[in-house]
1. I'm trying to understand the selection: among the residues of the stretch 349-369, which are farther than 16 Å from Pro321 by Cα and charged (D, E, K, R)?
2. Confirm whether Thr17 is modelled with pLDDT under 95, closer than 30 Å to Leu175 by Cα and of a type in the set (S, T, N, Q).
3. For the subset of the stretch 206-215 comprising residues that are modelled with pLDDT under 95 and surrounded by fewer than 16 Cβ atoms within 10 Å (Cβ to Cβ), which member is nearest to ligand 2 (Cβ to nearest atom)?
4. I'm checking my understanding of the structure. Among residues of the stretch 167-180 that are under 29 Å from Ala127 (Cβ atoms) and open to solvent by 10 Å² or more (accessible area, probe 1.4 Å), which one is nearest to ligand 1 (Cβ to nearest atom)?
5. I'm trying to understand the selection: among the residues of the stretch 98-115, which are of a type in the set (Asp, Glu) and under 22 Å from Ile37 (Cα atoms)?
6. For the stretch 51-67, check the following and say yes or no: at least one residue is open to solvent by less than 20 Å² (accessible area, probe 1.4 Å), in contact (Cβ under 8 Å) with a residue 12 or more places away in the chain and closer than 13 Å to Val112 by Cα.
7. Looking at (1) within 14 Å of ligand 1 (Cβ to nearest atom); (2) open to solvent by 10 Å² or more (accessible area, probe 1.4 Å), find the lone condition where Thr224 falls short.
8. Among the residues of the stretch 314-327, is any open to solvent by 20 Å² or more (accessible area, probe 1.4 Å) and hydroxyl-bearing (Ser, Thr, Tyr)?
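The values are calculated or read from the model by the stated rules, or taken from the named source; none is laboratory data. None of the values given here were measured: they were computed from a predicted structure. Positions of Cβ are backbone-derived with ideal geometry, glycine not excepted, and every protein chain shown enters the neighbour counts. For the accessible areas, the whole protein counts, side chains as well, though only heavy atoms, and no ligand, DNA or RNA atoms are used. Shrake-Rupley method; radii C 1.70, N 1.55, O 1.52, S 1.80 Å.
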Amino acid sequence: MFLVNFVAEIQKTMVETPKNIAVIGATGSIGTQTLEIIDSHPELYRATVIAAGRRVDDLIALARKHRPALAVIADVNKYSVLRDALEPLGIRTAAGDQALCDAVCRDDVDMVVTATVGYSGLAPTIAAINAGKDIALANKETLVVAGRYITDLLSKSKSRVYPVDSEHSAIYQCLVGEDREKVKKLIITASGGPFRKWSVEQMAHAKASDALKHPNWSMGAKITIDSATMMNKAFEIIEAKWLFGFDVDKIEAVVHPQSIVHSMVEFTDGAIKAQLGLPDMKLPIAYALDEGRRLPGAEKPLSISDYATLTFERPDTDRFPCLTLAREAMHRGGNSACVINAANEIAVAAFLEGRIGFNDIYSVIVRTLDKISYIADPVYEDFVATNNEARIFAESILY
Ligand code: NAD
Ligand code: MG
């Protein structure tokens, strides 16, 4: 079972009325870029729902500009500010986690862009699938936490999933028209992050400001730290497994510091297909919004002759042990990846606050993974419980 049906995608016809989009995580890096694309194509898209976690002022500003039918803030303490600013403009408002789930299920929503960060993406994604909504999936943590569960839900739903993550969009683009039986390997590229050339000793003293200096991509803080530890690449291996239905042993990561080749697919005849472009999320976001078709001018053009040298190197798992956790999680199965995700969220937040060192992120995850009870075939309530337990334990071992 796999989530992305790459063979059928090119046969669809264009929609005639603007597609109604719910952008969950609208104030973030992916969310704001999604709204920019929507804004530049009013004939194709309309932002019907926008939602955010806590940044109510940013959400209000976006609502004033994009005039959605509904704006939702997850933090209930910010509700009165949102309501007082937007209801006089005729924009409905709501707050809380349940409101987020209700919002994606509205009749006037055609597609949900899951651009929230971390575990918070899980519940609204499940709600959207149960309501049969199409999903442009940026929130990879949903598939890390509950890939098998989500895959099962999708098999009973009319929802379709379109990857937003640049590597997965690249693989999706390389797979169009291909026979999946002829795929030998998915090759996911990684920039190597800001510490690609740092020693373990240097990384032990790295500050949050060092780790937040990503060489190629401008992204939210959590994914930027995940890129520095290479946990992001571990998550992307898991994400690729569930999206495309290949075993993790057929998925490998390669370091490509220029971030021009966004990923590759190797076939049984030895051919390797790649998708290239500048490191700009607008192209993969637009490709997902348009269900695997190409929107003109979605990205700044890449002048290939400016990149005479494209290099590739093997990742160093001694210095970046988080990368090994993808295979570890998939071999253990059950709720293991949910534990890893929760511990990682706590450890990354603690590192950003200066409470633990950079190399401690991996130690916190491994200790938590060894502690939390294994559940072989988790259902939704098990993910909720595992996530809570893992967070509490990880928090308790911070020093
Ligand atoms: P970000 O930190 O910039 O934005 C996160 C958004 O989620 C904000 O709008 C925030 O308000 C919202 N949010 C946070 N907690 C929430 C909650 N509990 N309920 C509802 N909303 C909440 O993050 P980002 O960089 O845009 O990343 C978003 C997702 O996309 C992540 O899963 C990330 O891994 C993935 N992704 C991002 C990029 C990128 O270039 N930024 C690339 C590929 C994948
Ligand atoms: Mg990515």
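1. Of all residues in the stretch 349-369, those farther than 16 Å from Pro321 by Cα come to 349-356.
Selection gives Glu353, Arg355.
2. Values: modelled with pLDDT under 95: yes; closer than 30 Å to Leu175 by Cα: yes; of a type in the set (S, T, N, Q): yes.
Here the answer is yes, as Thr17 does meet what is asked.
3. Let us first name the residues in the stretch 206-215 that are modelled with pLDDT under 95, namely 213-215.
Going one step further and asking which of them are surrounded by fewer than 16 Cβ atoms within 10 Å (Cβ to Cβ), we end up with 213, 215.
Working: Lys213: 18, Pro215: 14 Å.
My answer is Pro215.
4. First, pick out the residues of the stretch 167-180 that are under 29 Å from Ala127 (Cβ atoms): 167-173, 175.
Still in the list and also open to solvent by 10 Å² or more (accessible area, probe 1.4 Å): 167, 173.
Numbers: Glu167: 8, Gln173: 15 Å.
Taking the candidates together, the pick is Glu167.
5. Asp108, Asp110
6. If we filter the stretch 51-67 for residues that are open to solvent by less than 20 Å² (accessible area, probe 1.4 Å), which is where we start, we get 51-52, 56, 59-60, 63.
Okay, now just the ones that are also in contact (Cβ under 8 Å) with a residue 12 or more places away in the chain, so 51-52, 56, 59-60, 63.
Subsequent filtering for residues that are closer than 13 Å to Val112 by Cα retains 51.
Yes, the stretch 51-67 has at least one match.
7. All conditions pass for Thr224, except number (2).
8. yes
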